[in-house]
Each structure stands twice: as structure tokens, then as C-alpha cells.
1. Among the residues of segment 291-306, is there at least one that is of a type in the set (Val, Ile, Thr), within 17 Å of the chain's Cα centre (by Cα) and under 14 Å from PRO24 (Cα atoms)?
2. Picking from THR177, THR141, THR111, which residue would you name as being at pLDDT below 95, surrounded by fewer than 22 Cβ atoms within 10 Å (Cβ to Cβ) and over 18 Å from the mean Cα position of the chain (by Cα)?
3. Here are some residues: ALA186, ALA191, ALA196, ALA230. Which one is more than 18 Å from GLY249 (Cβ to Cβ), buried (at least 24 other Cβ atoms within 10 Å of the Cβ) and touching a strand residue (DSSP E or B) at 6+ places or on another chain (Cβ under 8 Å)?
4. Hey, could you check segment 37-71 for residues that are in contact with a Phe, Trp or Tyr (Cβ under 6 Å, 6 or more places away or on another chain) and farther than 22 Å from ILE107 by Cβ and say which is farthest from the ligand (Cβ to nearest atom)?
5. Does segment 85-99 hold any residues that are open to solvent by 50 Å² or more (accessible area, probe 1.4 Å) and either assigned to a helix (DSSP H, G or I) or touching a strand residue (DSSP E or B) at 6+ places or on another chain (Cβ under 9 Å) (or both), and which are they?
6. Residue by residue through segment 20-36, note down the ones that are at negative phi, within 16 Å of the ligand (Cβ to nearest atom) and part of a loop (DSSP other than H, G, I, E, B).
7. What pairs can you find where one residue is in segment 190-206 and under 18 Å from PRO174 (Cα atoms) and among the basic types (Lys, Arg), the other is within 15 Å of the ligand (Cβ to nearest atom) and open to solvent by less than 10 Å² (accessible area, probe 1.4 Å), and their Cβ atoms are less than 7 Å apart, with a gap of 6+ or different chains?
8. Within segment 290-311, can one find any residue that is over 25 Å from LEU132 (Cα atoms) and touching a Pro at 6+ places or on another chain (Cβ under 7 Å)?
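The values are calculated or read from the model by the stated rules, or taken from the named source; none is laboratory data. If you're wondering where the values come from, they're calculated on a predicted model, not measured in any experiment. All Cβ positions, even for glycine, are placed from backbone atoms using ideal geometry, and neighbour counts span all protein chains on display. What goes into the accessible areas is simple: the full protein's heavy atoms, side chains included, and nothing from ligands, DNA or RNA. Shrake-Rupley method; radii C 1.70, N 1.55, O 1.52, S 1.80 Å.
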Amino acid sequence: MSEKMAHTNSSLHVEISSLKLENPTMLAAGVLGVSGLAMNRVANAGAGAIITKSMGLEPRRGFPNPVVAQVQGGILNAMGLPNPGIRQLAEEIQKIERKTVPIIVSIYASTPEDFAAVACEAVKSGAAGVELNVSCPHAETGGAEIGQNPDLVEQVVKATVRNVNKPVFVKLTPEVTNISEVAKAAENAGAEAITAINTVKAMVIDVETAQPILGNKIGGLSGPAIKPIAVRCVYEIYEAVRIPIIGCGGIVTWKDAVEMMEAGASAIQVGTAIAIEGLGVFKRIAQGIQAFMEKKGFDGVKEIVGLSHKE
Ligand code: SIN
């Protein structure tokens, strides 16, 4: 298949709420999603949608170095949510040439009111939707503390939905006893999609110095090592909610993407794989899904979603 076809093949089209994607791959939050030039490269590389780096109301420097460490099967990071502040975003979004690629702004805050305020600014900046990051495993405030409590998730989603007229996604942490309960709270509060999962809280120690490697000591694990956790979470959430699920966690190949869709994901996000495979990963995954559908005689991506739930 030609590169152009991977952008435009209609059987790869997916709709997540009111958002129309040319293919089911999205850039995951936190990777290349701050500068307009980097996001432009991702859009030109064939991503169906872009999730920005998580943005807050005010600029933030993040944690001291090192903020990233490579481990077997993945990457550990504790960036500390560095970002230029939501008001800087409009200028960057304007630099993205392919206007058909929806830009979804990932946002973080500590209170429902602040989530709503950041979301309003994001929409003013041209966001097609927002993804609420209630799942950062090492945030000083907010983060997974919110995502581990269904009542808080409900309050944050309700406040945001009341204040913005664009789709609201909620990105969940796997570090809960019952992820379906949290997903249901988000759905009941008006979320239009669930993203599962954020990174898994983890640590790596340098044996010579006997010190944790990351500046923040504790970080979040992403990459192939967490894929089975993500597949399990998507599978459980699919049984509990009716809104679309976006699978995220360790997807590198088209097979990983199809597995996530069979578990119940309508679209998938790619992050760590960019470090392993480069930006060509978006087209390779989309082309692989297309070839799989042709082999199976499927007319659209929807036919893959949730297949593993059928006997
Ligand atoms: C970070 O900026 O430290 C990562 C954010 C996240 O994992 O949600």
C-alpha cells in the first residue's frame, strides 16, 4: 500500500465521539506533544490524532534530571509534568499543517475547578477535545490520587464537561483494585471516551551507587513490559462501559494494536514505540491493521473492536 493510502483509506476511519480520525493511531500524551513543529512532524507521519503533553494553568519546570531511564522492556520516566502553561498552546497548535488531524489537549490540575479552567483555555486554543490526566503515577498533587478515587474522577469530569463543548476523554491509572468502577464513574459524569492506561509506578536503582536513578526516584513504566496490563484493563473496561476506549500501553506493532482492539479499544495510542521504531511507526501500524482487515474480510476497524469478548 502506498504511504498516501495509509492516510486516506476509508476502512481505517474511526469516530471517537464527534472526532473523525483517518486511522486509529494517536500520539500518546507526553511524547513530542509540546512544540508545534514536533506535532507537525507527527501529523505528517500519519498519526490519526495527537494528544499533547499534559498542560496545566501555569508554566512548570518539572523534576530534576535524570527524568528518563531505559529498562528491560520499556522506559521509566518522571518528567514532573513540565510544560509552558496552557496559554502558550494556541501558537503551537497553529503550526500544525494537516488540519484534519484532531489535536486533543492533555490536561492536569489538582481540583475540579482548575481542570475545568485548563480545559476552557485548551478549547480556546483550538483543541478538538481534552484528555484529563488523572493518572500520573508521580504527580505531587492530583494525578493518580484523583484517578484512584471514583468520586473524585466524577467531580473532575462533571466540572470539565459542564464548561467545555468538546469531547472529554479520561486517562486512567491501572493501579486500582477495580478499573471498571473508575471508568463507569467517568462515563456517568459525561466523559466521551476512556484512555487506558497511563504508566505503571516503578523504580530503578544504580547498583554501584545504590541510589535510585531518576531525579524523582519514582517514575512511571511504559513500553512493551506493560502491554499485558493494558490489554487486561481495556478488556475489563469494555465489559463495563458503552463509551469508546482508547488503548495505550506498550503498543509497538500492528499486532499489538489489533490485540488491543480485540480487547475492546476503538483506537490506540503510541508513545514509547516512537523511541524504539521512529515516527514511521504510525504508518506501519495503520498499514498492518489494513492488511489484517483485508485478510479477515473486514470492512472497517469497528469489526475488530471487542472481538475477544465473543465466544
Ligand atoms: C510526567 O510528566 O512526569 C509524566 C506525566 C504522566 O505520566 O502522566
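1. Within segment 291-306, the first condition is being of a type in the set (Val, Ile, Thr), and the residues that meet it are 301, 304-305.
Right, trim to within 17 Å of the chain's Cα centre (by Cα) and you get none.
Taking every residue of segment 291-306 in turn, none turns out to be of a type in the set (Val, Ile, Thr), within 17 Å of the chain's Cα centre (by Cα) and under 14 Å from PRO24 (Cα atoms).
2. Working: THR177 fails: at pLDDT below 95; THR111 fails: at pLDDT below 95.
The unique qualifying residue is THR141.
3. Values: ALA186 fails: more than 18 Å from GLY249 (Cβ to Cβ); ALA196 fails: more than 18 Å from GLY249 (Cβ to Cβ); ALA230 fails: more than 18 Å from GLY249 (Cβ to Cβ).
Residue meeting the stated conditions: ALA191.
4. To start, the set of residues in segment 37-71 that are in contact with a Phe, Trp or Tyr (Cβ under 6 Å, 6 or more places away or on another chain) comprises 45-47, 54, 56.
Within this subset, residues satisfying the condition of being farther than 22 Å from ILE107 by Cβ are 45-46.
Working: ALA45: 22, GLY46: 24 Å.
Selected residue: GLY46.
5. Residues satisfying the conditions are ARG87, GLN88, GLU91.
6. We begin by selecting, within segment 20-36, every residue at negative phi; these are 20-29, 31, 33-36.
Okay, now just the ones that are also within 16 Å of the ligand (Cβ to nearest atom), so 26-29, 31, 33-35.
Residues satisfying the conditions are ALA28, ALA29, VAL31, GLY33, VAL34, SER35.
7. Final answer for the pair search is LYS201/GLY220.
8. yes
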